[in-house]
Amino acid sequence: MNGGGTMTTSPLLEVRNLDLDYATARGTAQVLRQVNLTIPRNRIVGVVGESGSGKSTLASVIMRLLPPNLSRLSGEVRLDGTDLLGLDPAGMARVRGNKVAMIFQDPMTALNPVFTIETQMVDIQRGKFPGRSKRELRDRALEMMAKVGIPDPVRRIAAYPHQFSGGMRQRIMIAMALLVEPDLLIADEPTTALDVTIEAQIIRLLEQIRENFSGSILFISHSLGVISTLCDEVVVMYAGSVVEQASSRDLFLSPRHPYTRALLSCEISEEDGGDTALRSIPGNVPDLFDLEPACIFAARCGQAEPRCRQAVPPLRELAPGHRAACVLA
Amino acid sequence: MPASLRFLANRLLTTILVIVGAVALLFCLTLLVPGNPADVLLGPRATPEAVAAFSKQMGLDLPVWRRLAIFFGNVLQGNLGTDVISGRPILTMVMEVLPFTVTLTFASIGLAILVGLPLGAYAATHPDSIGDRIGAVFSVSFIAMPNFVVAIFLLLIFSIWLDWLPVLGAGEPGNYLDQLVRLILPSVSLALGWVGYIARLVRSSLLEVMGEPYIRTARAYGVSDTKIIYKYALKNAAIPTVAILGLGIGRLLGGAIFAEIIFARPGIGKLVYDAILTRNYPVVQAGVLVVVLLFVLTNLLVDMSYGWLDPRMRQSARAGGGH
Ligand SMILES: Nc1ncnc2c1ncn2[C@@H]1O[C@H](COP(=O)(O)OP(=O)(O)OP(=O)(O)O)[C@@H](O)[C@H]1O
Ligand code: SF4
Ligand SMILES: [Mg+2]
């Protein structure tokens with residue numbers, strides 16, 4: 001970290017040329033390929049893509065919480081100028097729950113069933129506020145529980161996770177993330193595991209939170225509808241590659257990548273959003289094994305040309321802040 | 001009634017039923033002993049008159065159901081009869097040696113947990129390391145080796161060859177150091193298999209728990225590895241471990257009896273063994289009854305510890321109602 005006047009204008013997070021492989025029984029799965037994306041300060045960036053496109057994997061790389069069958073990881077993940085991939089485990093542990101926090105997809109399994117909410121909410125703050133007493137940390141937790149809409153916090157903080165509904169548990173997870181005042185908050189499909197009415201409530205809560213939250217949010221979803229209500233910018237992922245990044249406005253008004261266009265037209269034709277919409281694009285998501293040096297979308301693209309199959313089209317800047325990886329864009 | 005109380009009541013009821021069943025079974029065993037118990041107890045040189053008088057005194061001439069009722073009544077009052085050989089109340093004899101057996105059992109389980117738990121935690125945090133592999137070989141061999149074989153080897157090595165530790169007995173009354181020293185070999189012989197058992201159990205449960213999403217959550221907030229393992233994961237991993245340990249308590253009590261015989265320590269095992277040799281059936285009966293009680297009560301204790309370990313088991317309406 002070098003400080004100085006350039007810091008405020010430099011992006012909070014920059015992911016450069018990220019490649020990630022997993023070793024599997026079938027061989028090497030190329031789960032992320034040349035991923036590039038930028039998260040500016042004080043912005044909400046949405047990541048959209050169908051199931052298996054590598055959204056959660058991207059989040060795990062930023063958190064450096066990777067499974068043991070990881071066989072290759074290269075590229076850079078710069079947070080405030082520091083390359084997270086170069087940190088030793090102790091250094092990374094200081095980043096987690098301090099500069100970065102994460103809300104997980106399934107609130108039913110993300111909290112420890114045999115400890116009270118109080119124990120868990122207090123302990124997650126210790127890294128960020130090492131000097132504070134348990135009492136202070138508990139008071140912060142109570143205040144935050146009230147803010148995220150959990151009724152009767154003083155009584156409920158002594159309860160165990162199974163005594164809360166799914167929606168309430170996700171509110172607890174959100175409260176935990178906000179408690180550590182992270183520079184970057186990653187929310188990995190925080191509403192997918194919830195039913196529709198609860199989902200709407202949580203989205204409303206997130207909208208309220210964004211008013212007062214000073215950090216940036218990486219919001220993962222497979223619904224463009226949800227992304228459009230919450231996010232300033234959108235990153236579109238397909239089969240482990242970033243195919244387009246733009247401001248929400250540009251992306252929705254003038255999408256440049258054929259996959260983004262297909263995604264948008266599906267979303268419009270099928271009101272409910274989610275995976276069902278994505279399946280109506282003809283063809284299948286490519287296998288992540290033995291990928292050819294070609295455009296990842298070529299097999300399903302209506303505008304594919306021979307040159308699309310000769311090299312991977314790089315992510316190019318088309319207009320300020322608008323990038324797409326397509327030879328035609 | 002809250003679910004936690006219902007669980008408690010259920011467990012208490014089954015415990016009482018098991019005890020009643022055990023007492024009835026013990027009574028039936030006396031019926032199966034060949035010959036007239038009075039003959040057996042008084043020996044071959046007793047006169048027929050003496051046998052008849054003794055039978056009447058013990059109520060052996062009454063119908064079976066009356067004898068069963070009397071037996072139950074006596075057990076309930078803590079009256080286990082009088083030892084014909086020494087003339088002392090059997091209950092007193094049992095109570096004298098019970099602390100030795102209880103001490104041995106708890107010392108063994110304590111030792112096993114103290115050693116097995118960190119071993120298991122180490123193995124789980126360093127899977128497939130050399131330490132893990134060596135630990136696995138030792139654990140499995142200790143589990144496979146019968147207690148009495150371990151006991152005999154320990155005796156040979158530490159008491160006879162090396163002459164480090166005293167051989168037999170429980171030590172002088174009042175001399176706690178002596179008693180402690182003499183507790184070492186028997187409890188180690190009992191604990192060794194359990195060290196392996198606990199280490200393997202803790203290892204596999206911990207490995208499973210460490211893959212759970214809630215552990216990832218703790219990691220995502222930079223909670224230290226030590227805290228994650230020893231505070232968070234271990235409590236989760238303790239649930240299946242305790243469940244399986246509960247099933248092994250019978251084996252542990254059985255082992256304690258063998259250890260007492262081999263190390264000539266006073267205890268229930270030694271008492272019952274000597275009583276069998278002299279065909280002193282009432283003492284055998286009382287000893288077995290106490291072992292059954294011990295077994296049932298420890299099991300109850302194990303079940304109760306679930307409530308402490310797993311709040312889902314003691315779900316009550318107090319803090320609930322979050323839907
Ligand atoms: N540990 C692993 N080993 C092998 N393959 C994996 C592993 N984890 C994930 N994958 C594969 O990597 C790809 C990307 O997975 P990821 O979970 O990142 O997708 P996603 O975009 O988050 O999907 P979803 O919307 O369903 O959450 C998938 O094909 C998945 O099967
Ligand atoms: S590069 Fe070619 S195949 Fe790929 S999206 Fe663009 S037009 Fe379609
Ligand atoms: Mg995912």
All conditions in (1) closer than 21 Å to residue A:99 by Cα; (2) within 14 Å of chain B (Cβ to nearest Cβ); (3) not acidic (Asp, Glu) are true of residue A:210 except (2)
Would you mind stating whether residue A:94 is within 12 Å of chain B (Cβ to nearest Cβ) and either more than 10 Å from ligand 1 (Cβ to nearest atom) or open to solvent by 10 Å² or more (accessible area, probe 1.4 Å) (or both)? yes
Looking at this structure, is residue B:223 assigned to a helix (DSSP H, G or I) and open to solvent by 10 Å² or more (accessible area, probe 1.4 Å)? no
Going through B:142, B:148, B:100 one at a time, which residue ends up being touching a Phe, Trp or Tyr at 6+ places or on another chain (Cβ under 6 Å) and surrounded by 13 or more Cβ atoms within 10 Å (Cβ to Cβ)? B:148
Residue ID - most open to solvent (accessible area, probe 1.4 Å), chosen from residues in segment A:141-170 that are more than 24 Å from residue B:313 (Cβ to Cβ) and touching a Lys or Arg at 6+ places or on another chain (Cβ under 8 Å): A:149
Identify the residue in segment B:57-69 that is exposed (fewer than 15 other Cβ atoms within 10 Å of the Cβ) and among the charged types (D, E, K, R) and, among all such residues, is modelled with the lowest pLDDT. B:61
Can you tell me which residue is nearest to residue A:316 (Cα to Cα) among those in segment A:15-41 that are of a type in the set (D, E, K, R) and in contact with an Asp or Glu (Cβ under 7 Å, 6 or more places away or on another chain)? A:16
Taking only segment A:230-251 into account, find how many residues are touching a residue at least 24 places away in the same chain (Cβ under 8 Å) and over 19 Å from the mean Cα position of the chain (by Cα). 1
Unique match (being modelled with pLDDT under 95, open to solvent by 60 Å² or more (accessible area, probe 1.4 Å) and assigned to a loop (DSSP other than H, G, I, E, B)) among A:197, A:192: A:192
Looking at segment B:268-318, which of its residues are aliphatic (A, V, I, L, M), open to solvent by 60 Å² or more (accessible area, probe 1.4 Å) and within 14 Å of chain A (Cβ to nearest Cβ)? B:313, B:317
Any chance residue A:72 is open to solvent by 50 Å² or more (accessible area, probe 1.4 Å), more than 8 Å from every other protein chain (Cβ to nearest Cβ), farther than 27 Å from residue B:235 by Cα and charged (D, E, K, R): yes
With touching a residue at least 12 places away in the same chain (Cβ under 8 Å) and among the hydroxyl-bearing types (Ser, Thr, Tyr) as the only criterion, which of B:226, B:241 stands out? B:241
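So that you can scan it fast, the table gives a plain yes or no per residue for (1) at pLDDT 80 or above; (2) under 15 Å from residue B:282 (Cβ atoms); (3) not assigned by TED's automatic domain parsing to the domain that holds residue B:287:
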site: B:14; (1), (2), (3): yes, no, yes
site: B:31; (1), (2), (3): no, yes, yes
site: B:38; (1), (2), (3): no, yes, yes
site: B:47; (1), (2), (3): no, no, yes
site: B:50; (1), (2), (3): no, no, yes
site: B:55; (1), (2), (3): no, yes, yes
site: B:71; (1), (2), (3): yes, yes, yes
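Quick grid of which residues meet (1) aliphatic (A, V, I, L, M); (2) in contact with a helix residue (DSSP H, G or I) (Cβ under 6 Å, 6 or more places away or on another chain); (3) more than 27 Å from residue B:258 (Cβ to Cβ):
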| position | (1), (2), (3) |
| --- | --- |
| B:49 | no, no, yes |
| B:52 | yes, no, yes |
| B:56 | no, no, yes |
| B:68 | yes, yes, yes |
| B:74 | no, no, yes |
| B:81 | no, yes, no |
| B:92 | no, no, no |
| B:102 | yes, no, no |
| B:106 | no, no, no |
For segment A:120-137, name all the residues that are surrounded by fewer than 18 Cβ atoms within 10 Å (Cβ to Cβ) and outside any loop (DSSP other than H, G, I, E, B). A:134, A:135, A:136
For segment A:212-224, what are the residues that are more than 16 Å from ligand 3 (Cβ to nearest atom), touching a residue at least 24 places away in the same chain (Cβ under 8 Å), open to solvent by 30 Å² or more (accessible area, probe 1.4 Å) and not hydrophobic (A, V, I, L, M, F, W, C)? A:214
Taking segment A:232-251 only, how many residues are away from ligand 1 (no atom under 16 Å from the Cβ), touching a Lys or Arg at 6+ places or on another chain (Cβ under 9 Å) and open to solvent by 10 Å² or more (accessible area, probe 1.4 Å)? 3
Taking residue A:101 as meeting all but one of (1) within 16 Å of ligand 1 (Cβ to nearest atom); (2) within 13 Å of another protein chain (Cβ to nearest Cβ), write down the number of the exception. (1)
Among (1) surrounded by fewer than 15 Cβ atoms within 10 Å (Cβ to Cβ); (2) over 25 Å from residue B:266 (Cβ atoms); (3) among the basic types (Lys, Arg), residue B:88 falls short only on (2)
For segment A:277-329, which residues satisfy the criterion of being within 16 Å of ligand 1 (Cβ to nearest atom) and farther than 28 Å from residue A:72 by Cα? A:277, A:278, A:279, A:281
Residue in segment B:252-267 that is among the charged types (D, E, K, R) and either open to solvent by 60 Å² or more (accessible area, probe 1.4 Å) or not assigned by TED's automatic domain parsing to the domain that holds residue B:193 (or both) present: no
Identify, by number, the condition in (1) more than 24 Å from residue A:154 (Cβ to Cβ); (2) without any contact (Cβ under 8 Å) to a residue 60 or more places away in the chain; (3) more than 7 Å from chain B (Cβ to nearest Cβ); (4) open to solvent by 10 Å² or more (accessible area, probe 1.4 Å) that residue A:84 doesn't meet. (4)
Write out, first by first residue and then by second, each pair whose Cβ atoms fall under 7 Å of each other, whose residues are 6+ apart or on separate chains, and whose first residue, in segment A:19-39, is over 14 Å from residue A:67 (Cβ atoms) while the second is in a strand (DSSP E or B) and among the β-branched types (Val, Ile, Thr). A:35/A:15; A:35/A:242; A:36/A:15; A:36/A:242; A:37/A:15; A:37/A:235; A:37/A:242; A:39/A:45
For the structure I just gave you, tell me whether residue B:172 is modelled with pLDDT of 80 or more, in the same structural domain as residue B:135 (by TED's automatic domain parsing) and acidic (Asp, Glu). no
Name every residue in segment A:109-134 that is hydrophobic (A, V, I, L, M, F, W, C) and at the interface with another protein chain (Cβ under 9 Å from one of its Cβ atoms), in order of residue number. A:110, A:111, A:114, A:115, A:124
Quick check on segment A:65-91: of everything there that is closer than 17 Å to residue A:186 by Cα and at pLDDT below 95, which residue is farthest from ligand 1 (Cβ to nearest atom)? A:80
Keeping to segment B:72-85, report how many residues are open to solvent by 40 Å² or more (accessible area, probe 1.4 Å) and in a helix (DSSP H, G or I). 3
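The values are calculated or read from the model by the stated rules, or taken from the named source; none is laboratory data. As the structure is a prediction and not an experimental result, all values here were calculated from the model. Heads up, the Cβs are rebuilt from the backbone with ideal geometry, glycines too, and the neighbour counts pull from every protein chain shown. For accessibility, only protein heavy atoms count, side chains too; no ligands or nucleic acids. Shrake-Rupley method; radii C 1.70, N 1.55, O 1.52, S 1.80 Å.
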